[in-house]
Amino acid sequence: MSSAPTLDLAADFLRARLGEFHPKVAVVLGSGLGRLADSVSGGTRIPYSEIPGFPSSTVVGHSGELVTGVVEEVPVVLQSGRFHLYEGHDGETVALPVRVFAELGVEYLIVTNAAGCLRPAMQPPTLMLIADHINMMGGRGSPLTGPVVDGEPRFPDLHDLYDADLRSATRKVALELGIRLEEGVYLSLLGPCYETPAEVRMLQKFGADAVGMSTVPEVLVARARGLKVLGISSITNMGAGLFQGVLNHEEVLEAGKELAVDLERLVRGVLPKLGEGRK
Ligand code: HPA
């Protein structure tokens, strides 16, 4: 068993910093999806540079801070800016914030990301509830390899990883708010290149509906720690070869910003429902 000294340092720092504030829900905000963090009033902002063991986020569109506060009467911690394997971080670093959230007593993880569309009938831009995932990040994508970390099983079960009750509650909120919400399988690659058209055809055959470069490492740790997970992708573009043109990060960010309005409404609508059981 290992107790990961970096984790202890980061958790101790945040416990001291947050005092009597105990977040129940953590939200990981993907590229261009920082709106929710900007809208938390009176929250505490903690730049990654102050947190022991947290590297600074290097990707455009990721600001690199934790924001804590009360949203829709729920105590939350927002991770504005995530770490990616393609930046050269290992899985342990990518998933460090989630391990820290678990140490702080967080019970629910809401993960968001930007993703490309593999299902022609699901025209972007749209939000997509993640029903399940396919991990194609290779060995580096799992923060669970190596010595078992205290409190985590060696062989976590991944059945119902994206919690069925949370998905059902989210579908209901989307319907009530008039937000278009697709549902499908998210497939993660290491990146940082976008896919080739041949890869897109292959991934379609694998049964994936969306492709991205994040999320899976964090979600695996959330499961190992017993957090309930809700995943929402902002489907920003058609996959390579499924449209005329080229992909670039600026356009992905732009489309993500458009979707961020509905994403924020959806997350705000779901927050009070967490813990209410089957809807
Ligand atoms: N591929 C991989 N990751 C992405 C994409 C894509 O098309 N769009 C946004 N993130």
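Coordinate-derived values only; no laboratory data. All of these numbers come straight from a predicted model, not from anything done at the bench. Cβ: placed from backbone, ideal geometry, glycine included. Neighbour counts: every protein chain shown.
Going by average Cβ neighbours within 10 Å, how do the peptides 125-131, 158-164 rank, with the highest at the top? Don't skip to the answer; put the middle values down first.
Numbers: 125-131: 20.7, 158-164: 14.9.
Answer by packing, highest mean first, reads 125-131, 158-164.
As an exercise, identify the GluC sites (Glu not before Pro) in the range 148-200 lying in DSSP coil whose Cβ has no more than 14 other Cβ atoms within 10 Å. Working shown, then result.
Values: sites: Glu176, Glu182, Glu183, Glu195, Glu199; in loops: Glu195.
Here no GluC sites (Glu not before Pro) fit, given the DSSP loop and packing criteria.
How large is Rg over Rh for the range 170-279, taking Rg from the Cα atoms and Rh as the Kirkwood inverse mean of 1/r across Cα pairs?
0.99
Between Arg265 and Thr44, 0.36 nm times their residue separation minus their Cα-Cα distance comes to what? Working shown, then result.
Values: separation 221, 0.36 × 221 = 79.56 nm, distance 2.14 nm.
So the chain would gain 77.4 nm between Arg265 and Thr44.
Based solely on C-alpha atoms, express the radius of gyration and the Dmax of the range 115-166 in angstrom.
Rg, Dmax (Cα atoms, Å): 15.2, 44.
If you take the charge dipole of the range 12-131 about its Cα centre, with +1 on Lys and Arg Cβ and -1 on Asp and Glu Cβ, which of Gly88, Val67, Ala114 is farthest toward its positive end?
Of the options given, the answer is Ala114.
Binned at 10 Å from 0, what are the whole-percent values of the Cα-Cα distance distribution for the range 146-227, short to long?
Histogramming the range 146-227 at 10 Å steps yields 14, 34, 34, 17, 1 percent.
Please report Rg (one decimal) and Dmax (integer) in Å for the Cα set of the range 193-257.
Computed over the Cα atoms of the range 193-257, radius of gyration and Dmax are 14.1, 43 Å.
Projecting each Cα onto the charge dipole of the range 149-279 (Lys/Arg +1, Asp/Glu -1 at the beta carbon, about the Cα centre), which of Gly245, Val200, Leu220 comes out farthest on the positive side?
Highest projection toward the positive end goes to Leu220.
Would you list, by chain and number, the lysines whose Cα falls below 20 Å from the Cα of Lys172, excluding same-chain residues fewer than 8 positions away?
Straight-distance partners of Lys172: Lys228, Lys273, Lys279.
If you add up the charges near Leu36, with Lys and Arg at +1 and Asp and Glu at -1, over every other residue whose beta carbon is less than 9 angstrom from its beta carbon, what do you get?
On the way: positive: Arg35, Arg268; negative: Asp38, Glu264.
Charge balance in the 9 Å sphere: 0.
What number does the range 97-191 give for Rg over Rh if you use C-alpha atoms and the Kirkwood radius? Could the numbers behind the result be given before it?
Details: Rg = 15.7 Å, Rh = 15.7 Å.
Value, to two decimals: 1.00.
Dipole of the chain (Lys/Arg Cβ +1, Asp/Glu Cβ -1, origin at the Cα centre): which of Gly42, Ala26, Pro272 lies farthest to the positive side?
Pro272
Label points 7 Å out from Cα along the Cβ direction at Asp90 and His22: separation in nm?
3.3
What does the net charge come to around Arg82 if you take all other residues with beta carbon closer than 15 Å to its beta carbon, with K and R at +1 and D and E at -1?
-4
Please compute the net charge surrounding Ala121, taking Lys and Arg as +1 and Asp and Glu as -1 over other residues with Cβ under 14 Å from its Cβ. Working shown, then result.
Details: positive: Arg119, Arg180; negative: Glu182, Glu183, Asp209.
Local net charge: -1.
Let me know the charge dipole size of the range 121-206 about its Cα centre in debye, to the nearest 20, where only the beta-carbon of Lys, Arg (+1) and Asp, Glu (-1) is charged. Mind dumping the intermediate values first?
Details: 8 positive and 12 negative charges, 62 e Å.
So the magnitude is around 300 debye.
Could you work out the equivalent-ellipsoid semi-axes for the range 165-211, taking the square root of 5 times each eigenvalue of the Cα gyration tensor, largest first, in whole Å? Mind dumping the intermediate values first?
Details: eigenvalues 167, 22, 20 Å².
Semi-axes from the Cα gyration tensor: 29, 11, 10 Å.
Using the Cα centre of the chain as the reference point, and only Cβ charges (+1 on K/R, -1 on D/E), how large is the resulting charge dipole? Debye, rounded to the nearest 20. Mind dumping the intermediate values first?
Numbers: 25 positive and 34 negative charges, 92 e Å.
Magnitude of the dipole: close to 440 debye.
When only Cα pairs under 8 Å and 6 or more residues apart are kept, what is the percent relative contact order across the range 137-279? Please report the intermediate quantities before stating the final value.
Numbers: 124 pairs, mean separation 49.3, N = 143.
Reported as a whole number, the value is 34 percent.
Suppose every K and R has +1 on its Cβ and every D and E has -1 on its Cβ; what is the size of the dipole of the range 21-127 about the Cα centre, in Debye to the nearest 20? Provide the component values of the computation, followed by the final result.
Values: 6 positive and 10 negative charges, 57 e Å.
Using only the charged Cβ atoms, the result is roughly 280 debye.
Taking only the alpha-carbon positions of the chain and ignoring solvent, what does the Debye formula give for the base-10 log of I(q)/I(0) at q = 0.07, 0.14, 0.15 Å⁻¹?
-0.22, -0.96, -1.12
What are the GluC sites (Glu not before Pro) within the range 66-100 that DSSP puts in a loop, where the Cβ has at most 16 other Cβ atoms within 10 Å? Walk me through the intermediate numbers first.
Values: sites: Glu72, Glu73, Glu87, Glu92; in loops: Glu72, Glu73.
Passing sites in the range 66-100 are Glu72, Glu73.
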